[in-house]
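Trainee: Below is a structure I'd like to ask you about.
Taken together, the values in this text are just the output of simple stated rules run on the coordinates, not laboratory data. Computed from a prediction, not measured in an experiment: that's the story for all the values here. FYI the Cβ positions are ideal-geometry reconstructions off the backbone, even for glycines, and counts take in every protein chain you see.
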Amino acid sequence: QYRIVERMRSLGMTTVLPAFAGHVPQGILRVFPRVNATRLGHWSHFDCTYSCIYLLHPEDPMFQVIGTLFLKELIKEFGTDHVYSADTFNEMTPLSSDPAYLSRVSNAVFRSMTGADPKALWLMQGWLFQHQPDFWQPAQVQALLHGVPLGRMIVLDLFAESKPVYQWTESFYGQPFIWCMLHNFGGNHGLFGTVEAINHGPFAARRFPNSTMVGTGLVPEGIEQNDMVYELMNELGWRQEPLDLPSWVTRYAERRYGAPNAAAASAWRLLLRSVYNCTGVCVNHNRSPLVRRPSLRMDTELWYNASDVYEAWRLLLSAGAELGSSPTFLYDLVDVTRQAVQQLVSDYYLSIRQAFQSHALPELLTAGGVLVYDLLPELDSLLSSHSLFLLGRWLENARAMATSDREAEQYELNARNQVTLWGPSGNILDYANKQLGGLVLDYYSVRWSLFVSVLVESLNSGRPFHQERFNQAVFQVERGFVYNKKHYPAVPAGDTMEISRKLFLKYYP
């Protein structure tokens, strides 16, 4: 934390320190038995073993004592730029929808900040308003926001490219807000973007009646994917009006690879109009069957024309002779090839399902065999040829944070769990799915192999396929991967161009 804060300030950035939002551990009831704290409900698919935090009542005298003391200690340790974050009800249903109660909570949080720093500015996520719109009606939103003097809170309109909140809250009822692009949930790989919404959204927000917008922001849950979208969003903060996207992306390709190339520019224009142009409400959780637990009811819908990606793949490969020495080009070649293979996996899945439903065993064996024994291993070797697509690198980075061997084991376990089960029993299964060399072969591919063999067994025996029974069996595979302790290389192997070309010659539709 010291290094992060020092680095930010050296770049002229404003640091944001966490403030007290009212949450307290259960142990406080042991030390202060009379304190007025209430247990909140569980979070997501986790029971009270892992969630159900306690919330102090805003009027309890301990609220100000703890809140101010906490912030004073933090300021003593890190200095301050007077901006503090607190999110009392993020993905949490408040104890009461009474506007007076909600206003008292936000007022208590703000007073505990100003008790430590009279110049305090509160930075709050606006995610809760669009996440639970049934609870956060206009009266509730206004009460929470107006518990703080106007101008002393900045709200992040967190998912403004898909579900802007400023439009139905009269510009957050006068509190300043930042128009944010969320874009990626869970740090998933998968080409995706909402370029039209991104290109026009900030300018529409500025022109909104009585707009209180004070800036643009990026708030992805995971970075290191879809660089183009982040480049675009960052550029808009400096613009007076929307960009001409096709000419912008043509220049982007040239800047990215260090040289103009007609084929590469054409590839990017195709990607721009297809994978990067999701319209309507778009939530990027990669839903490809490739990275989901197999079933007979998987979603293979695309928001774009699959042939545009195949053609972009062909064009990038043809640019390889000129651009092959550019590291950014090689990264993009892996990424676009990976997307093409992801589409192919859906096609093979549909063939598998169709064959099973029409009791065509030879077709089921053929499609299943190609998927499990050729396509997925080829994808794994492609990913393993690039350092930024390696499971070994992901695990090594986690271990590097540790201060002891035992801690390193724990961090690696968490890094494996996060990209797979996310929780002890698959509580948020595959939420943070990644397409990494090692993970595709030892996790996704093994799941698919089990699925195909269970379907074959079902046809052979005449017994119906039971999803619930399969889920129990496949959970052992998933859990096995988290605990297998297998070492994965953190150094790439193989020639990216060669592997991509080989895949292309075999599978280009």
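Trainee: Report ³J(HN,Hα) in whole Hz for each residue of region 156-166, in order, from the Karplus equation J = 6.51 cos²θ - 1.76 cosθ + 1.60 where θ = phi - 60°; Gly and Pro get x.
Mentor: Values, residue by residue: 8, 7, 5, 10, 5, 6, 10, 9, x, 9, 4 Hz.
Trainee: OK, next. Can you give me the distance in nm between label points at ALA400 and TRP168, each placed 7 Å from the Cα along the Cα-to-Cβ direction?
Mentor: The answer from the label model is 4.4 nm.
Trainee: Expressed in nm to one decimal, what extension gain is obtained for the pair ASP227 and PHE203 from 0.36 nm per residue of sequence separation less their Cα-Cα distance?
Mentor: Values: separation 24, 0.36 × 24 = 8.64 nm, distance 2.19 nm.
Contour length minus Cα-Cα distance gives 6.5 nm.
Trainee: State the antiparallel share, in %, of DSSP beta bridges confined to the chain, rounding to the nearest 5.
Mentor: DSSP beta bridges in the chain are roughly 25 percent antiparallel.
Trainee: Let me ask something additional. Around GLY217, under 13 Å between beta carbons, what's the net of Lys plus Arg minus Asp minus Glu among the other residues?
Mentor: Result for the neighbourhood of GLY217: -2.
Trainee: Right, next: When we measure straight from the Cα of LYS486, which lysines land under 23 angstrom away, once same-chain ones fewer than 8 places off are left out?
Mentor: Here the lysines satisfying the reach criterion relative to LYS486 are LYS434.
Trainee: Mean residue ellipticity at 222 nm from the helices of the chain, using -39,500 (n - 2.57) per DSSP H segment of n ≥ 4 over the full residue count, to the nearest 500 deg cm²/dmol?
Mentor: -15500 deg cm²/dmol
Trainee: Extending each Cα 7 Å along its Cβ direction at THR14 and THR49, get the distance between those two points in nm, one decimal.
Mentor: Computed distance between label sites THR14 and THR49 equals 4.3 nm.
Trainee: What net charge is computed for the residues neighbouring VAL454, neighbours being all others with C-beta under 14 Å from the C-beta of VAL454, Lys and Arg scored +1, Asp and Glu -1?
Mentor: Values: positive: ARG293, ARG353, ARG447, ARG463, ARG469; negative: GLU457, GLU468.
Net local charge, VAL454 excluded: +3.
Trainee: Figure the gain on full extension for THR366 and ALA493 (residue separation times 0.36 nm, minus the Cα-Cα span) and round it to one decimal in nm.
Mentor: On the way: separation 127, 0.36 × 127 = 45.72 nm, distance 2.94 nm.
Between THR366 and ALA493, full extension yields an extra 42.8 nm.
Trainee: Sort 336-347, 314-325 by packing, meaning the average of other beta carbons within 10 Å per residue, with the highest value first.
Mentor: Output ranking for 336-347, 314-325: 336-347, 314-325.
Trainee: Roughly how far apart, in whole Å, are the Cα centres of region 211-243 and region 424-481?
Mentor: Each part's Cα centre sits 38 Å from the other's.
Trainee: In addition: Using 0.36 nm times the number of residues separating ASP374 and GLU457, minus their current alpha carbon distance, what extension gain do you get?
Mentor: 27.8 nm
Trainee: Do any cysteines in the chain lack another Cys Cβ under 4.7 Å, and if so which?
Mentor: CYS180
Trainee: Can you order the peptides 398-411, 40-53 by their average number of other Cβ atoms within 10 Å per residue, highest first?
Mentor: The densest-packed peptide leads the list: 40-53, 398-411.
Trainee: Mind running the shape call on region 1-241? Use the C-alpha gyration tensor, a ≥ b ≥ c as the square roots of the eigenvalues: rounded below 1.5 for a/c, prolate if a/b tops b/c, oblate otherwise. All intermediate terms of the calculation are to be shown ahead of the outcome.
Mentor: Numbers: a/c = 1.60, a/b = 1.47, b/c = 1.08.
Judged from the Cα gyration tensor, region 1-241 comes out prolate (a/c at least 1.5, a/b above b/c).
Trainee: Filter the GluC sites (Glu not before Pro) in region 45-110 to those in DSSP coil with at most 16 other Cβ atoms within 10 Å of their Cβ, and list the result.
Mentor: GLU59, GLU91
Trainee: Here are some values of P(r) over Cα pairs in 10 Å bins from 0, in percent: (i) 4, 15, 22, 20, 15, 11, 6, 3, 2, 1, 0, 0; (ii) 4, 19, 30, 27, 14, 4, 1, 0; (iii) 4, 16, 24, 25, 19, 10, 3, 0. Which one was computed from this structure?
Mentor: Recomputing P(r) over Cα pairs in 10 Å bins from 0, in percent here picks out (iii).
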